[in-house]
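J.: For reference, the structure I am asking about is given below.
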Amino acid sequence: MTERTNSLPIPPRGTKGAWQPPGFLMKALTPLMNMQISNYRKKAGPTPPVMMHMPTVLLTTIGAKTGQERTHVLGGFADGNDAWVIIASKGGAATHPAWFINLAKQPDKVWLEVGNRKLQVKPELLQGAERQAAYAKVAAIAPQYGKYPKSTDREIPVIRLTPA
């Protein structure tokens, strides 16, 4: 399989990280996840709904292996006008979330729902001081994000999304 020239770099996996539920359990939770997505869309107004004390967005990617559309509820943080930051923390796990791999491999097939607004977006993987500043800003709003880097030795990707 050849690497796409428009793909984003994928940082290496970690060697340690927070415990994650096994795949069969995640599959069993699919109906609950779908209900969260449905509830988001029903309740969405001009501003993003708040869950677990943080603003949330829906991120839709295309599966890198399956080609199927995948939607996830994520913490989504405004970054100026018409830009949002999302963090591929996976709760501090040693591996990246599947949505990040999909986004990185097919960055031209990414959509974001912010409240009742849906738009195609262009992802940018933040690096260096810009990444650290964005991560610190998110952790100030949603303190649980500040704990994740302590659980893993992988660099947790920080992504800025802007309208495509």
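J.: Gap in Å between the Cα centre of segment 1-53 and the Cα centre of segment 63-131?
T.: Centre-to-centre distance over Cα atoms comes out at 9 Å.
J.: Net charge near Asp153: determine it from the other residues with C-beta under 14 Å of the C-beta of Asp153, scoring Lys and Arg +1 and Asp and Glu -1.
T.: Details: positive: Arg13, Lys16, Lys90, Lys150, Arg154; negative: Glu155.
Around Asp153, the surrounding residues sum to +4.
J.: Right, next: At a Förster radius of 22 Å, what calculated FRET efficiency corresponds to the Cβ-Cβ distance of Ile141 and Lys65, to the nearest 0.05?
T.: Numbers: r = 33 Å, r/R0 = 1.51.
Approximately 0.10, to the nearest 0.05.
J.: Restricting to DSSP loop positions (anything but H, G, I, E, B) with no more than 11 other Cβ atoms inside 10 Å of their own Cβ, which chymotrypsin sites (Phe, Trp or Tyr not before Pro) remain in segment 3-68? All intermediate terms of the calculation are to be shown ahead of the outcome.
T.: Details: sites: Trp19, Phe24, Tyr40; in loops: Trp19.
Answer in residue order: Trp19.
J.: I need the trypsin sites (Lys or Arg not before Pro) found in segment 22-131, filtered to DSSP loop residues with at most 11 other beta carbons within 10 Å of theirs.
T.: Loop-located and lightly packed - Lys65.
J.: Further, regarding this structure: Would you look at the GNM of the chain, springs on alpha carbons closer than 10 Å, and say which of Asn81, Asn34, Asn102 moves the most?
T.: The residue that fluctuates most here is Asn81.
J.: Here's another thing I want to ask about it. For segment 39-106, what does the equivalent ellipsoid look like in terms of its semi-axes, each the square root of 5 times an eigenvalue of the Cα gyration tensor, given largest first in whole Å? Working shown, then result.
T.: Working: eigenvalues 94, 43, 30 Å².
Working through the eigenvalues yields semi-axes of 22, 15, 12 Å.
J.: If I histogram all Cα-Cα distances within the chain using bins 5 Å wide from 0, what percent of pairs lands in each bin?
T.: Spelled out bin by bin, the chain gives 2, 9, 17, 22, 23, 17, 9, 2, 0 percent.
J.: Using a Gaussian network model of the chain whose springs link C-alpha atoms within less than 10 Å, name the residue from Gln106, Gln68, Gln127 with the highest mean-square fluctuation.
T.: Looking only at Gln106, Gln68, Gln127, the biggest GNM fluctuation is shown by Gln68.
J.: By the scheme Lys and Arg +1, Asp and Glu -1, what is the net charge of all other residues having a beta-carbon under 15 Å from that of Trp99? Could you put the intermediate results ahead of the total?
T.: On the way: positive: Lys65, Arg70, Lys90, Lys105, Lys109; negative: Glu69, Glu113.
Within the 15 Å Cβ shell, the charges total +3.
J.: Also, quick follow-up: Measure up Lys42/Lys150; Lys90/Lys150; Lys65/Lys90 against 24 Å on the Cα-Cα distance and list the ones that go over. Each step should come with its number before you reach the end.
T.: Working: Lys42/Lys150 36 Å; Lys90/Lys150 13 Å; Lys65/Lys90 20 Å.
Over 24 Å Cα-Cα: Lys42/Lys150.
J.: Just to confirm a number: summing +1 for Lys and Arg and -1 for Asp and Glu over residues other than Gly75 whose beta-carbon lies under 15 angstrom from that of Gly75, what do you get? Can you show the working numbers first?
T.: Values: positive: Lys90, Lys137, Lys147, Arg160; negative: Asp79, Glu113.
Here the count lands on +2.
J.: Return the single residue from His53, His96, His72 with maximal mean-square fluctuation; model: Gaussian network over the chain, springs between Cα atoms under 10 Å.
T.: Comparing His53, His96, His72 in a Gaussian network model of the chain, the most mobile one is His53.
J.: Per residue, what accessible area does segment 77-143 have, given a 1.4 Å probe and all protein chains present, in Å²? Display every interim value, and only then the final one.
T.: Values: 2810 Å² over 67 residues.
Per residue, segment 77-143 has 42 Å² of solvent-accessible surface.
The values are calculated or read from the model by the stated rules, or taken from the named source; none is laboratory data. Here the structure is a predicted model, which means the values were calculated and not measured. All Cβ positions, glycine included, derive from the backbone under ideal geometry; neighbour counts span all protein chains shown. The accessibility values were calculated without ligands, DNA or RNA, using every heavy atom of the protein model including side chains. Shrake-Rupley method; radii C 1.70, N 1.55, O 1.52, S 1.80 Å.
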